[in-house]
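Report on the following structure.
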């Protein structure tokens, strides 16, 4: 469940970055910076060169509950006039879904799995599913 949420968040981030500037490619990314490469035109021999723009990542802002999104600024560290001085990334907020763990049922010998149903705790995000089912292999 957590892995799926993280993958979905990463996909949203990638879409936001790509749509932020369609003519640029993300070349490298770390915890602290993002490097974009822009096409510069043709060189002799027909190959294309690329311009790099390095941005420092600011921390993510608090979640805007009205839009369920949060923003992050990228500030130019190094690059030419083609580079934008700042960029803004947007991603969906993580939901505050907290669940009370249910009891594990008996092992299903056919599937070799057991299941539990967790119930949403009070004061969790109202858009969360009221229950979640967790399945794992039997030992």
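Brief remarks on what is shown
- Distance (nanometres) between label positions extended 7 Å along Cα→Cβ at residue 86 and residue 51: 2.1 nm
- In range of the label at residue 127: residues from segment 71-96 whose backbone nitrogen is under 14 Å from the point 7 Å along Cα→Cβ: 71, 91-96
- Here the label points at residue 137 and residue 95, each 7 Å from Cα along the C-beta direction, are separated by 2.9 nm in the simple model.
- Added length on full extension, which subtracts the Cα-Cα distance from 0.36 nm per residue, residue 58 to residue 30: 8.8 nm
Every number here is computed from the coordinates shown, using simple stated rules; none is lab data. All figures in this text were calculated on a predicted structure; none of them were measured in a lab. Here Cβ is always computed from backbone atoms with ideal geometry, including for glycine, and neighbour counts include all displayed protein chains.
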